[in-house]
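Remarks on the structure that follows.
The values are calculated or read from the model by the stated rules, or taken from the named source; none is laboratory data. The structure displayed is predicted, hence computed values, not measured ones. Glycine gets a Cβ as well: all are built from the backbone with ideal geometry, and neighbour counts include every protein chain shown. Accessible surface areas use protein heavy atoms only, side chains included; no ligands, DNA or RNA. Shrake-Rupley method; radii C 1.70, N 1.55, O 1.52, S 1.80 Å.
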Amino acid sequence: MSTTLEHTIIRDELADARAPWSAVVRAGDVLTMIDLHGNQAVDTLLYAAHDHSIRYSASATVTAQRNLFLTTGTVLRSDDSTPLMTIVADEVGNHDTVGGACSQESNTLRYGHHTKHQHACVENFLIEGAKWGLGKRDLVSNINFFMNVPVDPDGTLGIVDGLSAPGKSLSLRAETDTLVLVSSCPQINNPCNAFDPTPVRMIITTPERAA
């Protein structure tokens, strides 16, 4: 008798353009994000589902892998280096972990006071996080999947056109039960999403052994 590993879809939804999304991904399950229209930044925060004080740490993740950018094989870690999720597949090859999330305050600083009214990723995180008992002090530096933030030789960060394209995807395997908060970035002032926010498909699958 031989066995193969099959995958069953347990959740298949859209993170609408400009909107938040969240789910608990159980240990061993895989979350696949599909950039439906291309060049859409997907701001993401991770928390251990059983203890929200265990949360994604950009510094721990970057230090452990000795690489500023995220791609296949990257283990996304908490402050104490607890593995939360691992990138197990990636059709883009480069994702940002230092650019942070847009907010109404940062929009005003970067682009002028006329942008103060614009909805932003921080507001999405607060709206969605409240469903899980999270508040502003629980927000940390986030991941920007599909977002291209090159680092120039002088250390300057850029926000430029993404490397993704319609239908490109990445997959994250949960190493522990993990709460995933997402903002399908509403930014319209820089090219992180081609100045045109679009939805992202979110698929959670679970492995099953089949004879």
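Which of the following residues is in contact with a Pro (Cβ under 7 Å, 6 or more places away or on another chain) and among the aliphatic types (A, V, I, L, M): 60, 15?
15
Can you run down the residue pairs with Cβ atoms below 6 Å, 6 or more apart or on separate chains, where the first is in region 1-18 and open to solvent by 80 Å² or more (accessible area, probe 1.4 Å) and modelled with pLDDT of 60 or more and the partner is part of a strand (DSSP E or B) and among the acidic types (Asp, Glu)?
Within 6 Å, the pairs are 6/208.
Quick one: count up the residues across region 143-182 that are modelled with pLDDT of 90 or more and either closer than 24 Å to residue 126 by Cα or of a type outside the set (S, T, N, Q) (or both).
Residues flagged as modelled with pLDDT of 90 or more and either closer than 24 Å to residue 126 by Cα or of a type outside the set (S, T, N, Q) (or both) within region 143-182 amount to 20.
Are any residues in region 89-103 among the charged types (D, E, K, R) and under 14 Å from the mean Cα position of the chain (by Cα), and if so, which ones?
Passing the criteria: 90, 96.
Please count how many residues of region 115-171 are open to solvent by 60 Å² or more (accessible area, probe 1.4 Å) and touching a Lys or Arg at 6+ places or on another chain (Cβ under 9 Å).
Final tally of qualifying residues: 1.
Which pairs have Cβ atoms under 6 Å, sit 6 or more apart or on different chains, and link a residue in region 154-170 that is under 22 Å from residue 87 (Cα atoms) to one that is assigned to a loop (DSSP other than H, G, I, E, B) and aliphatic (A, V, I, L, M)?
Here the result reads 163/92; 164/92; 168/92, each pair linking region 154-170 to a residue that is assigned to a loop (DSSP other than H, G, I, E, B) and aliphatic (A, V, I, L, M).
Among the residues of region 25-54, write down those that are touching a residue at least 60 places away in the same chain (Cβ under 8 Å) and open to solvent by 40 Å² or more (accessible area, probe 1.4 Å).
Passing the criteria: 26, 27, 36, 37, 50, 52.
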